[in-house]
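Please read the structure below before turning to the comments.
What follows draws every value from the coordinates through simple rules; no lab data is involved. As the structure is a prediction and not an experimental result, all values here were calculated from the model. Neighbour counts are summed over all protein chains in view; Cβ atoms, including those assigned to glycine, are modelled from backbone coordinates with ideal geometry.
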């Protein structure tokens with residue numbers, strides 16, 4: 001009976017996380033600030049970086065905060081309900097999937113970085129702090145947001161293992177890093193060709 005209850009709670013939270021993650025705040029803020037559709041400019045992405053390019057810094061920051069909240073809130077709720085690192089990580093993974101493949105955008109979406117940030121602020125804040133240093137160094141050295149985001153995502157894998165000592169959580173972190181890298185496929189091609197725009 002206890003196992004059935006846990007499974008039911010996990011399924012419910014997975015659905016909530018996917019739905020919440022799929023809300024396209026970047027598109028909403030771009031429209032609110034009277035900008036053109038971010039899917040038609042820059043990287044054609046609804047994430048914070050491209051929204052900042054399309055609609056300005058305020059819209060970009062608001063998108064970053066609420067995209068992170070989409071990952072943070074369901075994970076915090078899952079911790080209070082489930083107590084299982086594996087189940088909680090699954091909930092976080094589906095929040096990121098919702099952001100990347102939003103049904104409101106024809107199952108397209110962002111790169112998953114900001115929502116992943118929110119997930120790990122709830123799961124392993126110290127690992128996030130150290131990964132932020134990796135991101136900061138890469139953005140300072142190369143000035144490519146995509147490269148810095150992927151570097152920080154992969155840095156999270158050993159950092160989460162060292163901080164949390166949870167093989168299941170580490171496995172999900174690796175899956176999330178793979179997903180984020182996959183979502184940056186276009187950026188990787190532009191980086192190779194030397195066509196990726198620098199952030200500053």
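Rounded to the nearest 10 degrees, what's the angle between the helix 85-100 long axis and the longest principal axis of the chain, both from Cα atoms, 0 to 90? Roughly 30 degrees, rounded to the nearest 10.
Against the chain, whose longest principal axis is taken from its Cα atoms, helix 57-82 shows a tilt of about 10°.
Return the distance in nm (one decimal) between the two label points of a simple spin-label model at residue 104 and residue 189, each offset 7 Å from Cα along Cα→Cβ. Each label point lies 7 Å from its Cα, and together they span 2.8 nm.
Sum -39500 (n - 2.57) across every DSSP H segment of at least 4 residues in the chain, then divide by the residue count to get the 222 nm mean residue ellipticity, nearest 500. Let's see the in-between values first.
Details: 10 runs with 153 residues, N = 200.
Calculated mean residue ellipticity at 222 nm is -25000 deg cm²/dmol.
With the simple spin-label model, which puts each label point 7 Å out from Cα in the Cβ direction, the residue 44 to residue 171 separation comes to 3.6 nm. Helix 2-21 axis versus longest C-alpha principal axis of the chain: approximately 10°, rounded to the nearest ten. The slack between residue 7 and residue 83, meaning 0.36 nm per residue of separation minus the straight C-alpha distance, is 26.1 nm. In this calculation the C-beta distance from residue 76 to residue 33 is compared with R0 = 25 Å, giving a FRET efficiency of 0.30.
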